[in-house]
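The values are calculated or read from the model by the stated rules, or taken from the named source; none is laboratory data. What you see is a predicted model, and the numbers here were worked out from it, not measured in a lab. Glycine also receives a Cβ, built like all others from the backbone with ideal geometry; neighbour counts cover every protein chain displayed.
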Amino acid sequence: MQRFIVLCRKLVIEGVMTEPKSSKQQQVYYLAIAAVVVVILIAVWLLFGKEQVAEVPVNLMPPVEIVPQPAQVLEPEPLLEPDLTEPKTDTVINTVEPEIVAEVVKEPEVDTIIPTLDDSDPEVKERLLALNWQPGLAALFVTEDMLRNFTVQVDNIAQGQLVKGFPVLQPLEEKFSVADNAKMQLDDTSFARYTPYVQLLDSVPPEQLLKLFNRYEPLLQQAYAELGYPDKLFKSRVVDAIDELLATPELEYPLELTRSSVMYEFADPAIEQLPAAQKQLLRLGPAHQKTVKKRLQQYKTLLLKPL
């Protein structure tokens, strides 16, 4: 190492003693001196660097700044700015719009397709029995000629009458009877026969049944026209039937009965002269009658409500 330093000094002395002949020679001359100085500094670091390990990082940090990163970062930015933002907005718009249009188009098509009146039983049965009826009670529905039978019964009830041969519900399993040696009157045993039917009516909110009515109203209107009412609205006839039942008088029970022949009749002539539909509602008993009237009033309110 000492020989190396002596050699460097000789080079410096020779370089200083020799006068440069031109400007280019001067540049070479100064560069040679700088190179010699750098070599001397490296030699000093090799000799004493191990003793100054803790101070070496501080002295060597400035040379690390030779790698300038800002110039490299700024060059690719102009290439990224113009093309990555615009395609994203186009792809989002193109993917969202077709999905929304597809949903809007499909929904009404399913709701507006209804069967013909003659072929309506399967669909009406499926949709009617799919409602949340009290378990076991939906079997009370008669599932043949459902819309036509309903139309006939509504038209007759609106006139205060009851008609056989067009059943909407299954008939009562238990027949009316009066205990032996007892005063003939309507009692709790008679009222209990109607409990499943009243529970059936009360188990589903009127709004659900009204949706079915609105769906099949064109078919009900057709069935009503077949009865001889081509120019009248069936919905108005339903309201008339509800009003007929709501007009049933509120009476105090028990109600006395009489039997002049095979049939039982009300002992009070004023009650016996009531329309058949109202007398049937009286046979349900006071508690059932109250439940049915409450539901009928709700149906009337919904039917008269503007769509």
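Numerical summary
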read-out	value
Residues of segment 230-249 classified as in contact (Cβ under 8 Å) with a residue 12 or more places away in the chain and of a type outside the set (A, V, I, L, M, F, W, C), total	7
Index of the failed condition, GLN280 passing every other in (1) exposed (fewer than 15 other Cβ atoms within 10 Å of the Cβ); (2) closer than 18 Å to LYS175 by Cα	(1)
Residue in segment 208-217 that is surrounded by fewer than 16 Cβ atoms within 10 Å (Cβ to Cβ), more than 35 Å from the chain's Cα centre (by Cα) and modelled with pLDDT of 95 or more present	no
Candidate set from segment 244-278 (those that are of a type in the set (Val, Ile, Thr) and over 30 Å from LEU147 (Cα atoms)); member that is modelled with the highest pLDDT	ILE271
Test: residue in segment 190-207 that is surrounded by 15 or more Cβ atoms within 10 Å (Cβ to Cβ), in contact (Cβ under 8 Å) with a residue 24 or more places away in the chain, outside any helix (DSSP H, G or I) and not acidic (Asp, Glu)	yes
Options ALA241, ALA225: the member that is at pLDDT 95 or above, surrounded by fewer than 16 Cβ atoms within 10 Å (Cβ to Cβ), outside any loop (DSSP other than H, G, I, E, B) and hydrophobic (A, V, I, L, M, F, W, C)	ALA225
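Yes/no matrix, rows are residues, columns are (1) at pLDDT below 90; (2) surrounded by 14 or more Cβ atoms within 10 Å (Cβ to Cβ); (3) not in a loop (DSSP other than H, G, I, E, B):
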residue	(1), (2), (3)
GLU107	yes, no, yes
ASP119	no, no, no
PRO122	no, no, yes
ASN156	no, yes, yes
VAL178	yes, yes, no
